[in-house]
Amino acid sequence: MDVIVEQKLDSDCKLVWKVITDPNLMRNWFFENIPDFKAEVGFTTEFPVDSGERIFTHLWKIKEVIPGAKIVYEWRYKEYDGIGEVTFELFHSEFGCIIRITHSGLESFTQEIPEFSEESCRGGWNYFIKDRLTNYLNR
């Protein structure tokens, strides 16, 4: 099952790429405690996210990079079995840029934890992309 979220952005794709790959900028709209990030195949990072009820230590590994257009993360958690993949894709348009997030592999995580549901995943990506990223770019 894939969760796909798309958003039209009134920004140039070059700027959007920078905002989704520069850790100093990512901390402003994505996760503020990302220790480091590099858009390079093989790069890994780890950081905890506290949901209030549980800790989710994010383990990311970059699997594919097409500079300015696409980046693919392996997305896992230290505390839970399962492995997902998140793809960020950028498409030029007449008004700016379209960003598409595809999150696959949700079914590999236990469905006993509400945060791993399709609804929660979709809600999270809508929040990050349609709210946080859009507002950050429009500030």
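Every number in this text was worked out from the coordinates using simple rules, so none of it is lab data. Being a predicted model, the structure only gives us computed values, none of them experimental. For neighbour counting, all protein chains shown are included, and Cβ atoms are generated from backbone atoms with ideal geometry for every residue, glycine included.
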Kindly evaluate residue 101 against the criterion of being in contact with a helix residue (DSSP H, G or I) (Cβ under 8 Å, 6 or more places away or on another chain) and closer than 14 Å to residue 2 by Cα. yes
Residue by residue through segment 113-139, note down the ones that are of a type in the set (A, V, I, L, M) and assigned to a helix (DSSP H, G or I). 129, 133, 137
Counting just the residues of segment 70-84 that are under 14 Å from the mean Cα position of the chain (by Cα) and not aromatic (Phe, Trp, Tyr), which one comes out farthest from residue 56 (Cα to Cα)? 70
For segment 26-39, give me each residue that is free of Cβ contacts under 8 Å to residues at least 24 places away in the same chain and surrounded by fewer than 16 Cβ atoms within 10 Å (Cβ to Cβ). 27, 32, 33, 35, 36
Which residue out of 52, 84, 105, 42 is on the phi > 0 side of the Ramachandran plot and surrounded by 16 or more Cβ atoms within 10 Å (Cβ to Cβ)? 105
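Which ones in segment 1-42 are assigned to a loop (DSSP other than H, G, I, E, B), hydrophobic (A, V, I, L, M, F, W, C) and in contact with a Phe, Trp or Tyr (Cβ under 7 Å, 6 or more places away or on another chain)? Even if it seems obvious, please write down each step before you answer.
In the first step, residues of segment 1-42 are kept if they are assigned to a loop (DSSP other than H, G, I, E, B); the result is 1, 10-12, 22, 30-42.
Of the ones still in play, those that are also hydrophobic (A, V, I, L, M, F, W, C) are 1, 30-31, 34, 37, 39, 41.
Selection gives 30, 31, 34.
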Considering each of 110, 45, 57 in turn, give the residue that is in contact with an Asp or Glu (Cβ under 8 Å, 6 or more places away or on another chain), over 21 Å from residue 134 (Cβ atoms) and either free of Cβ contacts under 8 Å to residues at least 12 places away in the same chain or not in a strand (DSSP E or B) (or both). 110
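Would segment 96-106 turn up any residue that is without any contact (Cβ under 8 Å) to a residue 60 or more places away in the chain, assigned to a strand (DSSP E or B), of a type outside the set (A, V, I, L, M, F, W, C) and in contact with a strand residue (DSSP E or B) (Cβ under 8 Å, 6 or more places away or on another chain)? Spell out the reasoning first.
Here is the first cut: in segment 96-106, the residues without any contact (Cβ under 8 Å) to a residue 60 or more places away in the chain are 105.
Within this subset, residues satisfying the condition of being assigned to a strand (DSSP E or B) are none.
Taking every residue of segment 96-106 in turn, none turns out to be without any contact (Cβ under 8 Å) to a residue 60 or more places away in the chain, assigned to a strand (DSSP E or B), of a type outside the set (A, V, I, L, M, F, W, C) and in contact with a strand residue (DSSP E or B) (Cβ under 8 Å, 6 or more places away or on another chain).
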